[in-house]
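Some notes on the structure that comes next.
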Amino acid sequence: AAAPLQPAHSAFTGIEAMQQRSAAMLLAVLRAGALRAPVRRLGRRAATTTSMAAEHFDYLVIGAGSGGIASARRAALHGAKVAVCERGALGGTCVNVGCVPKKVMYNAAHIMECLHDAPLYQYSGADGVSLDWGALKTARDNYVTRLNGIYGRNLDGSGVTKLEGLASFKSAKEVSVGGETYTADHVLVAVGGKPTMPADLPGVEHCISSDGFFLLDEMPENALVVGAGYIAVEMAGILHALGCDTDLAVRGAKPLRSFDDLMSDTLVSEMARQGLTLQAETTLAKVELTADGKKKVTTTDGRVLGEYSEVLLAVGREPLTGPLDLQHAGVDLDANGRYIAVDEYLFAARTRVSDESRRRRGRDVDIWRR
């Protein structure tokens, strides 16, 4: 007789309770599918559009992610004339290619694990259940689009001007967006980051990032996820739970090695129990495209890990400061030329700012604290 099924515990750590609380809300939205009726606008100053002539603002925010939108709306609430610049979808990484769509996929994976456990509770027929990845992607994308609309209506209701396009500095208080130049007394840089795709890896163009994961129209037959952080662990766990034959490659001995040992060691044992293959002490040397469209992966020690439908790189993130032309604003970057250097009040460090100006900043911050 076949051995009884063992309960399938989640390979994710510390977030199950939160995810389960959000499951009911997500399920209701996914059932609804397409966009819902527009939310009624509040009676604040009407927002303007990019068709207007360039103008001056009290406060100009570059980046319409969670932080940028929250700051812009709060400033408008206090009476400031505010604009937000964004070249992509409203909501930033979290809403579009991060927390929100990830939770949808996590919940789908959790349901699949429940189906695996169903026979233990004397349910029958669970073996015949399958996932329609394409239909789930459509419903998930509709959910994200609905959130984009809510963010936009909230900005409109707060009287915040939306400027669409890539923003770059022309001077400390001049910002170019879509061919128009706008001026502002204060500028907030809240551009966020993007997944790192290592340019020195031969064949990196054949790989996808965590952003690319949300563009997949069908579930890969097999996949290699590269990275030891929580994003890599989440991607690998979701793919494996949904039925994709998944390997996780890490450079060190285990994933989440900077976490508490109890957590990372438990994760490793759970991955092994569930059949998710951990490729430890592994560094990629190259990725080659085969004749049948697979990605052949070779390591620095000469091993061929295999041929995969998808190779997902989750090896870190980097700031989106490059297109900003920060040198025109006199803003200093860190030693690596990537992150904006800031002072103790989170003002950008500028080479042409006097000590007296910095002292005034300190007094201003003290006033806000009181």
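Here are Ala228, Ala241, Ala285, Ala291: which of them is open to solvent by less than 30 Å² (accessible area, probe 1.4 Å) and either in contact (Cβ under 8 Å) with a residue 60 or more places away in the chain or over 28 Å from Gly193 (Cα atoms) (or both)?
Working: Ala228 fails: either in contact (Cβ under 8 Å) with a residue 60 or more places away in the chain or over 28 Å from Gly193 (Cα atoms) (or both); Ala285 fails: open to solvent by less than 30 Å² (accessible area, probe 1.4 Å); Ala291 fails: open to solvent by less than 30 Å² (accessible area, probe 1.4 Å).
Result of the check over Ala228, Ala241, Ala285, Ala291: Ala241.
So which residues in segment 199-222 are more than 15 Å from the chain's Cα centre (by Cα) and under 26 Å from Thr145 (Cβ atoms), if there are any at all?
Leu216, Asp217, Glu218, Met219, Pro220 - these are the residues of segment 199-222 that are more than 15 Å from the chain's Cα centre (by Cα) and under 26 Å from Thr145 (Cβ atoms).
Considering each residue of segment 271-317, count those that are of a type in the set (Val, Ile, Thr) and at pLDDT below 95, and give that number.
As a first pass, look at segment 271-317 and keep what is of a type in the set (Val, Ile, Thr): 277, 282-283, 287, 290, 297-300, 304, 311, 315.
Next, from what is left, pick out any that are at pLDDT below 95: none.
The number of residues fulfilling the criteria is 0.
Scan segment 211-225 for residues that are surrounded by fewer than 23 Cβ atoms within 10 Å (Cβ to Cβ) and in contact (Cβ under 8 Å) with a residue 60 or more places away in the chain and jot them down. I'd like the intermediate steps shown before the answer.
Narrowing segment 211-225 to residues surrounded by fewer than 23 Cβ atoms within 10 Å (Cβ to Cβ): 211-212, 214-222.
Matches in segment 211-225: Asp211, Gly212, Phe214, Leu216, Asp217, Glu218, Met219, Pro220, Glu221, Asn222.
Of all residues being among the small types (Gly, Ala, Ser) and within 28 Å of Val315 (Cβ to Cβ) in segment 146-198, which is most open to solvent (accessible area, probe 1.4 Å)? Just the residue, please.
Let us first name the residues in segment 146-198 that are among the small types (Gly, Ala, Ser), namely 149, 152, 157-159, 165, 167-168, 171-172, 176, 178-179, 184, 190, 192-193.
In the following step, the residues that additionally are within 28 Å of Val315 (Cβ to Cβ) were identified as 167-168, 190, 192-193.
Details: Ala167: 6, Ser168: 24, Ala190: 31, Gly192: 50, Gly193: 22 Å².
Among them, the one singled out is Gly192.
Among the residues of segment 292-302, is any closer than 15 Å to Met105 by Cβ, among the charged types (D, E, K, R) and touching a helix residue (DSSP H, G or I) at 6+ places or on another chain (Cβ under 9 Å)? Full working, then the answer.
So the first thing to find is which residues in segment 292-302 are closer than 15 Å to Met105 by Cβ, and the list is none.
No, there is no match, as no residue in segment 292-302 is closer than 15 Å to Met105 by Cβ, among the charged types (D, E, K, R) and touching a helix residue (DSSP H, G or I) at 6+ places or on another chain (Cβ under 9 Å).
Give the residues of segment 123-158 that are modelled with pLDDT under 95 and over 22 Å from Val104 (Cβ atoms), sorted by residue number.
The answer is Tyr123, Ser124, Gly125, Asp127, Gly128.
Considering only segment 244-264, how many residues are within 22 Å of the chain's Cα centre (by Cα) and either open to solvent by 40 Å² or more (accessible area, probe 1.4 Å) or at positive phi (or both)?
The number of residues fulfilling the criteria is 4.
The conditions are (1) of a type in the set (Val, Ile, Thr); (2) more than 22 Å from Gly98 (Cα to Cα); (3) outside any helix (DSSP H, G or I), and Val268 fails exactly one of them. Which is it?
Answer for Val268: the failing condition is (3).
Could you say whether any residue in segment 318-326 is of a type outside the set (D, E, K, R) and open to solvent by 70 Å² or more (accessible area, probe 1.4 Å)?
From segment 318-326, those of a type outside the set (D, E, K, R) are 319-324, 326; that's our starting set.
Then keep just the ones that are open to solvent by 70 Å² or more (accessible area, probe 1.4 Å); that gives none.
No, segment 318-326 has no match at all.
The values are calculated or read from the model by the stated rules, or taken from the named source; none is laboratory data. Because the structure is a prediction, the values reported are computed rather than measured. Note that we place each Cβ from the backbone using ideal geometry, even for glycine, and neighbour counts take in every protein chain shown. What goes into the accessible areas is simple: the full protein's heavy atoms, side chains included, and nothing from ligands, DNA or RNA. Shrake-Rupley method; radii C 1.70, N 1.55, O 1.52, S 1.80 Å.
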